[in-house]
Amino acid sequence: MNEIKILGLYVSSKIKDKAKLQNVLTKYGNVIRTRIGLNQENAAPGIILLELFGDQEQINYFERALTGIEGLEIQSMNFSGK
């Protein structure tokens, strides 16, 4: 079984250009198997959980694109699938 990678994105109120985040998520949608949004009321900070799969090179590009978004905190979990 392949490795399972989960990314947690903390979308803070410091992100001024949320459209940039949405564009990155759309561009790399081919490596996102599952996307869950945990939103707060009144446009407060929220969390997006992503289950990634597929081409590791594309996943690496995706993660680099996310790190370029100011105000976005990223955490990851990796499972060996054994």
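Just one of the listed residues (GLU3, GLU51) is surrounded by 10 or more Cβ atoms within 10 Å (Cβ to Cβ), of a type in the set (D, E, K, R) and within 12 Å of the chain's Cα centre (by Cα), and it is GLU51. Considered as a group, the residues in segment 54-77 that are β-branched (Val, Ile, Thr) and under 15 Å from ILE6 (Cα atoms) include one that is surrounded by the fewest Cβ atoms within 10 Å (Cβ to Cβ), and that residue is ILE74. Only one of the numbered conditions (1) in contact (Cβ under 8 Å) with a residue 60 or more places away in the chain; (2) in contact with a helix residue (DSSP H, G or I) (Cβ under 8 Å, 6 or more places away or on another chain); (3) assigned to a loop (DSSP other than H, G, I, E, B) is not met by LYS5, and that is (3). Among the residues making up segment 14-39, those that are in a loop (DSSP other than H, G, I, E, B), surrounded by 11 or more Cβ atoms within 10 Å (Cβ to Cβ) and modelled with pLDDT under 95 are ILE15, ASP17, ASN39.
The values are calculated or read from the model by the stated rules, or taken from the named source; none is laboratory data. Worth saying up front: this structure is predicted, and the values here are computed from it rather than measured. Neighbour counts are summed over all protein chains in view; Cβ atoms, including those assigned to glycine, are modelled from backbone coordinates with ideal geometry.
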